[in-house]
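The values are calculated or read from the model by the stated rules, or taken from the named source; none is laboratory data. Note that the coordinates shown come from a computational prediction; the quantities given were computed from them, not determined experimentally. So basically every Cβ, Gly included, is an ideal-geometry build from the backbone, and we count neighbours across all protein chains shown.
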Amino acid sequence: MKKEINVVLGERIKILRKQKGYTREAFAEKLSVSTRFLATVEGGEAGVSISTLKNIALLLDTSADYLLGLRDEIDEEFYRQSAVTKIYNMDKKHLMNVNKILDSIDDIIKTESA
């Protein structure tokens, strides 16, 4: 009998994996698990360890709470922290490009607010 939490976890992993453009094989390789194991997880037949859950969340740019069905939406703070982490790990060249993009977004927001 499938546990409800495993079914939710599997469905959400499968949906997000496909949205991110990963094949099952490529995603399994990134996680260092077998394709067969990933298929059983996505089918709701097995759960994952805490460390694998963490790696899945990082690769899919989501929260463990969302994957486990504890939240139906990812909250604003998660996106904020995710963006900060990505920016923190960038080199100077990419930081300059991100800054230009953020300036453009800020201009759009100011225009919409006026």
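Tabulated data for the structure shown
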quantity: Glu29 being assigned to a loop (DSSP other than H, G, I, E, B), of a type in the set (Asp, Glu), more than 15 Å from the chain's Cα centre (by Cα) and not assigned by TED's automatic domain parsing to the domain that holds Asn99; calculated: no
quantity: Filter result (among the hydrophobic types (A, V, I, L, M, F, W, C) and out of contact with any helix residue (DSSP H, G or I) (no Cβ under 8 Å at 6 or more places or on another chain)) within region 56-69; calculated: Leu58
quantity: Selection count where residues are over 13 Å from Ala57 (Cα atoms), in a helix (DSSP H, G or I) and among the small types (Gly, Ala, Ser), scope region 1-26; calculated: 1
quantity: Checklist (1) over 20 Å from Lys2 (Cβ atoms); (2) modelled with pLDDT of 95 or more; (3) not aromatic (Phe, Trp, Tyr) applied to Leu38, failing item; calculated: (1)
quantity: Matching option when the condition is in contact with a Gly (Cβ under 7 Å, 6 or more places away or on another chain) and at positive phi, among Gly10, Gly44; calculated: Gly44
quantity: Residues being closer than 18 Å to Glu4 by Cβ and buried (at least 19 other Cβ atoms within 10 Å of the Cβ) - total across region 57-74; calculated: 2
